[in-house]
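A quick write-up on the structure given underneath.
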Amino acid sequence: MNVVFAVKQYISKMIEDSGPGMKVLLMDKETTGIVSMVYTQSEILQKEVYLFERIDSQNREIMKHLKAICFLRPTKENVDYLIQELRRPKYSIYFIYFSNVISKSDVKSLAEADEQEVVAEVQEFYGDYIAVNPHLFSLNILGCCQGRNWDPAQLSRTTQGLTALLLSLKKCPMIRYQLSSEAAKRLAECVKQVITKEYELFEFRRTEVPPLLLILDRCDDAITPLLNQWTYQAMVHELLGINNNRIDLSRVPGISKDLREVVLSAENDEFYANNMYLNFAEIGSNIKNLMEDFQKKKPKEQQKLESIADMKAFVENYPQFKKMSGTVSKHVTVVGELSRLVSERNLLEVSEVEQELACQNDHSSALQNVKRLLQNPKVTEFDAARLVMLYALHYERHSSNSLPGLMMDLRNKGVSEKYRKLVSAVVEYGGKRVRGSDLFSPKDAVAITKQFLKGLKGVENVYTQHQPFLHETLDHLIKGKLKENLYPYLGPSTLRDRPQDIIVFIIGGATYEEALTVYNLNRTTPGVRIVLGGTTVHNTKSFLEEVLASGLHSRSKESSQVTSRSASRR
């Protein structure tokens, strides 16, 4: 179950099926992103695709010597663009691929528009999602819910993305969902409807143990997306932001022109592939080794190019050298900027207190530490608000809850009203009243003993002691212990055996920390394969935008005063 490979295969097949000759790849805004995640431009150029165009761009030239490969989402808008295109074709022949199920009536409209008979084929290739890592996919949707319910347009897009994922991996799953979330149940039903309606597409070879789709809601764990991260990929997203593998470095002091935007893709960057899950300390020493390796291979300035053989060797090694030089300067710049931000924002100290808030249960120590950091001028308003949010979520019902005092501290620190309001909005979004699970206290004797022993031994790394709640959910699921009263099956049938192929989808967005959890579970659990997806992949900034978009904050003014009364509402 490798989502990058699945999408890559579709695109290779499109290009192969169009046969030899020069080609143009015609895409829309979303499919452009889908393709760019799995192929570089130079890789596609080698397959005789010499031009990349958007279907919605007005001023494309007529080039009858090119074949057109169209890869488009099956939206009304795209079908209309295609109809216009086919009435006045700019290319010699068209191979049309939709990224999802297209209606018969749309195919009929296209056939009627094709008076010049330029369409060679129309097919459905289900690459309708962003493949981020082999085991992680996203739909790049920010703000999927209004209140606790779906925004109808986003529900439809998510259903399409999730069913396309199942088709591309050739899985017809049993479905379980988080009972405490109305949105999870609704999505489960919509996916089931598509599977029933398009049953012919979902007729795959039956496996002994059917695959399982588990649908969760971000509200159940609002802690994970609020934490600072210390593994490479997650940290880059948290501090710099990753958008379709691209990182904007234009704000970095003294940045050179060619490094203003860099691409980090494990598919064609060996250093990144080997280091994306390592923590920051290891990255530092690996960068040093990369530099030293580069220095050794660097062509000597005075290298004598006396013989033809010397010149030949130099030219042959040059592309390798140039590529390596690009990799070195890119990672040195990225890691350098991460280091600068860590010390400028005092993130080591901030992160230690965040981890304490997420993992320990000592209220007075946590409160003291948060108060101390709020006094520190190096701590930004963003990090200050984040600490208070974590405190508010963890100690929401604590008898000595001191949230009003901390809110005053935020105001005195000069933290803007936008961030102060978000504190109650986050509690409204993912507080105790909403959660179907108990996020903070260990459930049983075994878990309590484990936590006690962990406390005795100390933690090998105070900055990464937190485990996302997803870890526990998946651990229970793999062992066949996930409670059906909390995560029911949709429909009458249930799994008798432990699941082997698991697709987890988080409404409201997944995180790179959860992707790391899945990566580690895949590595350490033989016979189990897990893929994680979300409406988007969050860092703290985008998660807070998600909370704002849900509109829950507009009610949170009153609700923060009546928390105690509203406890029984659900």
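Quick one: order SER138, SER180, SER364 from most to least accessible surface, probe 1.4 Å.
My answer, sorted largest first, is SER364, SER180, SER138.
What number results when the radius of gyration of segment 124-272, computed over Cα atoms, is divided by 2.2 N^0.38 Å?
Against the compact-globule rule of thumb, the ratio is 1.26.
Report the Cα centroid-to-centroid distance between segment 197-241 and segment 126-175 in angstrom, as an integer.
First find each Cα centre; the distance between them is then 10 Å.
With a sphere of radius 13 Å drawn around the Cβ of ASN275, what net charge do the other residues whose Cβ falls strictly inside it have (Lys, Arg +1; Asp, Glu -1)?
Neighbour charge sum, excluding ASN275 itself: -1.
Return one quarter of the surface area of the convex hull spanned by the alpha-carbon atoms of segment 93-138, equal to its mean projected area, in nm².
4.1
In nm², what is the average projected area of the convex hull enclosing the Cα atoms of segment 347-430?
Averaged projected hull area, Cα only: 4.9 nm².
Sum up the charges of everything whose Cβ sits under 10 Å from the Cβ of PRO211, counting Lys and Arg as +1 and Asp and Glu as -1, but leave PRO211 out.
Local charge sum for PRO211: +2.
With a 1.4 Å probe and all protein chains kept in place, how much accessible area does GLU112 have, in Å² rounded to the nearest 10?
About 110 Å², ignoring ligands and nucleic acids.
Using every pair of alpha-carbon atoms in segment 53-199, split the distances into 5 Å bins beginning at 0 and state the percent of pairs per bin, rounded to integers.
Values per bin, smallest distances first: 2, 8, 16, 19, 17, 13, 11, 8, 4, 2, 1, 0.
Quick one: net charge around LYS170, please, counting Lys, Arg +1 and Asp, Glu -1 for every other residue with C-beta under 11 Å from its C-beta.
For residues surrounding LYS170, the net value is 0.
Using the Kirkwood formula on the Cα atoms of the chain, what hydrodynamic radius do you get, in angstrom to one decimal?
Averaging 1/r across every pair of different Cα atoms and inverting gives 26.1 Å.
The values are calculated or read from the model by the stated rules, or taken from the named source; none is laboratory data. Keep in mind the model is a prediction, meaning the values are calculated, not measured. When we count neighbours, we look across all protein chains shown, and the Cβ atoms used for this are built from the backbone with ideal geometry, even at glycine. Side chains are part of the model used for accessible areas, which takes the heavy atoms of the whole protein and leaves out ligands, DNA and RNA. Shrake-Rupley method; radii C 1.70, N 1.55, O 1.52, S 1.80 Å.
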